[in-house]
1. Can you tell me which residue in the stretch 72-87 is farthest from residue 18 (Cα to Cα), limited to those that are in contact with a strand residue (DSSP E or B) (Cβ under 9 Å, 6 or more places away or on another chain) and free of Cβ contacts under 8 Å to residues at least 24 places away in the same chain?
2. Kindly provide the set of residues from the stretch 65-89 that are under 10 Å from the mean Cα position of the chain (by Cα), buried (at least 19 other Cβ atoms within 10 Å of the Cβ) and of a type outside the set (D, E, K, R), ordered by number.
3. Working only within the stretch 34-45, note down all residues that are farther than 22 Å from residue 96 by Cβ, surrounded by 11 or more Cβ atoms within 10 Å (Cβ to Cβ) and without any contact (Cβ under 8 Å) to a residue 40 or more places away in the chain.
4. Say we look at the stretch 48-85 and pick out the residues that are basic (Lys, Arg) and in contact with an Asp or Glu (Cβ under 8 Å, 6 or more places away or on another chain); which of these is farthest from residue 14 (Cα to Cα)?
Amino acid sequence: MADGKAQLDNDIIDETVSYREGFSYKFEDAGNVINVRCSSISGKETVYVNEVLVAEKRSFRRKSSMVFNIGGDRYEIEFNVVDMLKGETHCTLIKNDLHVKTIKKALLKKNQISGKNGWLKVSLIFVFGLISGYLLMDYLLIFFGG
């Protein structure tokens, strides 16, 4: 029954993440607390074991991983951005090449670009960027005598 519950927990997506706070995940294994954080703004990814920094890097890829050791065990943290419109990101803990746990998180519903107005939001952002880019280039050409 424990396996069934773990599977049910594994299917739950926590939709409480904000851009400002970033994504944070907490794993517990062999008496160690493993805190993982990643920022969708800066791309910074960090892994803390019992509040000690053990791995850090920057990545803007949809898939990323970091390797670290605790005692004689090799651990790996994998990030996988599953849905960019929802900001859904899965964080997986692997110990000695065996899957331990995957935690799934997504942006707050109000920050997600999906839903009935998703493509409208994307279109408006695109048009705003297009107009802003045009006006900026026009200004720069006038300012620098082009």
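1. Filtering the stretch 72-87 for residues that are in contact with a strand residue (DSSP E or B) (Cβ under 9 Å, 6 or more places away or on another chain) and free of Cβ contacts under 8 Å to residues at least 24 places away in the same chain, the one farthest from residue 18 (Cα to Cα) comes out as 74.
2. 79, 87, 89
3. Taking the stretch 34-45 as the starting set, the residues that turn out to be farther than 22 Å from residue 96 by Cβ are 37-44.
Subsequent filtering for residues that are surrounded by 11 or more Cβ atoms within 10 Å (Cβ to Cβ) retains 37-40, 43-44.
Within the stretch 34-45, 37, 39, 43, 44 qualify.
4. First, the residues of the stretch 48-85 that are basic (Lys, Arg): 57-58, 61-63, 74.
With in contact with an Asp or Glu (Cβ under 8 Å, 6 or more places away or on another chain) added as a condition, the list becomes 57-58, 63, 74.
On the way: 57: 24, 58: 23, 63: 19, 74: 27 Å.
In this case the residue turns out to be 74.
Residue-by-condition table, conditions (1) surrounded by 13 or more Cβ atoms within 10 Å (Cβ to Cβ); (2) modelled with pLDDT of 95 or more:
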{"position": "5", "(1), (2)": "no, no"}
{"position": "13", "(1), (2)": "yes, no"}
{"position": "24", "(1), (2)": "yes, no"}
{"position": "30", "(1), (2)": "no, no"}
{"position": "50", "(1), (2)": "no, yes"}
{"position": "59", "(1), (2)": "yes, no"}
{"position": "92", "(1), (2)": "yes, yes"}
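The values are calculated or read from the model by the stated rules, or taken from the named source; none is laboratory data. Computed from a predicted model, the values in this text were never measured in an experiment. Neighbour counts run over all protein chains shown; Cβ positions are idealised from the backbone, glycine included.
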